[in-house]
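Heads up: the structure comes next, in structure tokens.
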Amino acid sequence: MKVRARFYPIMLITISLFLAAATHGSAQSKAWMTPGEIMTALKPGQWVKLEGGVQKDFSVWCKELKILTGDFLDDEWSISMIVKKVDPEKQQVQIMQLLVKFKQDAEYQAGLKGFSDVKAGMYLDVDGTYLKDGTFLAKQVEDESIKLVEKPETANEADIKGKVEKVDPANNTLTIMGITVRITDTTKSRSVIK
């Protein structure tokens with residue numbers, strides 16, 4: 001009995017210290033980064049996923065940015081946004097200033113049966129490859145226009161995933177798929193690298 005009486009308090013202290021250390025460590029890793037820290041952490045060729053508001057000049061003011069790690073394939077780029085123009089002859093659309101071409105064997109989802117179902121004003125989620133010529137080659141297309149009904153402000157929002165092309169710390173901007181993304185004081189970002 002005396003051994004148990006001594007063992008339990010030591011065990012409780014040990015567990016408490018372990019939990020306190022784990023909580024303290026996770027709290028540090030979840031701290032939001034400042035714009036300066038974000039700009040320092042970003043490098044060309046690095047994969048990111050971001051959400052933000054589209055401006056009149058077609059730039060994006062970033063609301064949330066995730067710095068991604070791991071191995072990504074060239075066809076894991078994505079953009080979710082309103083379709084600005086549709087060119088049925090060339091089977092391509094314009095999203096912001098980005099020209100999106102559709103692979104002949106592209107996979108259509110969420111009610112889309114083919115390119116002929118794609119219309120200007122739709123909110124599409126497009127997955128594929130950003131090409132060296134500055135165009136996007138879509139392999140998978142999903143109609144997410146229901147978001148416009150559920151949350152009308154979605155019409156002015158963009159979700160983008162891809163490689164950083166350029167970082168401009170002096171202006172707090174990065175470029176991805178030819179789109180200028182501004183990091184602001186309200187941008188939320190957590191480093192998954194630290």
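Here's the yes/no breakdown for (1) among the basic types (Lys, Arg); (2) without any contact (Cβ under 8 Å) to a residue 40 or more places away in the chain; (3) assigned by TED's automatic domain parsing to the domain that holds Asp143:
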site	(1), (2), (3)
Lys43	yes, no, yes
Gln46	no, no, yes
Lys66	yes, no, yes
Ala110	no, yes, yes
Thr129	no, no, yes
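For the range 178-194, which positions are within 18 Å of Lys63 (Cβ to Cβ) and either modelled with pLDDT under 90 or of a type outside the set (A, V, I, L, M, F, W, C) (or both)?
Thr180, Arg182, Thr184, Asp185, Thr186, Thr187, Lys188, Ser189, Arg190, Ser191, Val192, listed by residue number.
Hey, among Val93, Val164, Val126, which residue is in contact with a Pro (Cβ under 6 Å, 6 or more places away or on another chain) and at pLDDT 90 or above?
Exactly one residue qualifies, and that residue is Val164.
Residues of the range 103-127 being in a strand (DSSP E or B) and either touching a strand residue (DSSP E or B) at 6+ places or on another chain (Cβ under 9 Å) or of a type in the set (A, V, I, L, M) (or both), which ones?
Lys103, Asp105, Ala106, Glu107, Tyr108, Gln109, Tyr123, Leu124, Asp125, Val126, Asp127 - these are the residues of the range 103-127 that are in a strand (DSSP E or B) and either touching a strand residue (DSSP E or B) at 6+ places or on another chain (Cβ under 9 Å) or of a type in the set (A, V, I, L, M) (or both).
Can you find, within the range 146-177, the residue that is surrounded by the most Cβ atoms within 10 Å (Cβ to Cβ) among those that are within 16 Å of Phe58 (Cα to Cα) and among the small types (Gly, Ala, Ser)?
Going through the qualifying residues, I end up with Ala158.
Here is a yes/no grid of residues against (1) out of contact with any Asp or Glu (no Cβ under 8 Å at 6 or more places or on another chain); (2) part of a loop (DSSP other than H, G, I, E, B); (3) on the phi > 0 side of the Ramachandran plot:
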| position | (1), (2), (3) |
| --- | --- |
| Thr129 | no, no, no |
| Lys132 | yes, yes, no |
| Leu148 | yes, no, no |
| Glu153 | yes, no, no |
| Val167 | yes, no, no |
| Ala170 | yes, no, no |
| Thr175 | no, no, no |
| Ile183 | yes, no, no |
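Every residue in the range 106-134 that is aromatic (Phe, Trp, Tyr) and either more than 22 Å from Val164 (Cα to Cα) or surrounded by fewer than 18 Cβ atoms within 10 Å (Cβ to Cβ) (or both), please.
Matches in the range 106-134: Tyr108, Phe115, Tyr123.
Which residues, taken from the range 84-105, are surrounded by 20 or more Cβ atoms within 10 Å (Cβ to Cβ) and farther than 15 Å from Lys56 by Cα?
Scanning the range 84-105 gives Val93, Val100, Phe102.
The values are calculated or read from the model by the stated rules, or taken from the named source; none is laboratory data. Since the structure is predicted, the reported quantities are computational estimates derived from the model, not experimental observations. Ideal geometry is used to build each Cβ from the backbone, glycine not excepted, and the neighbour counts take in all protein chains shown.
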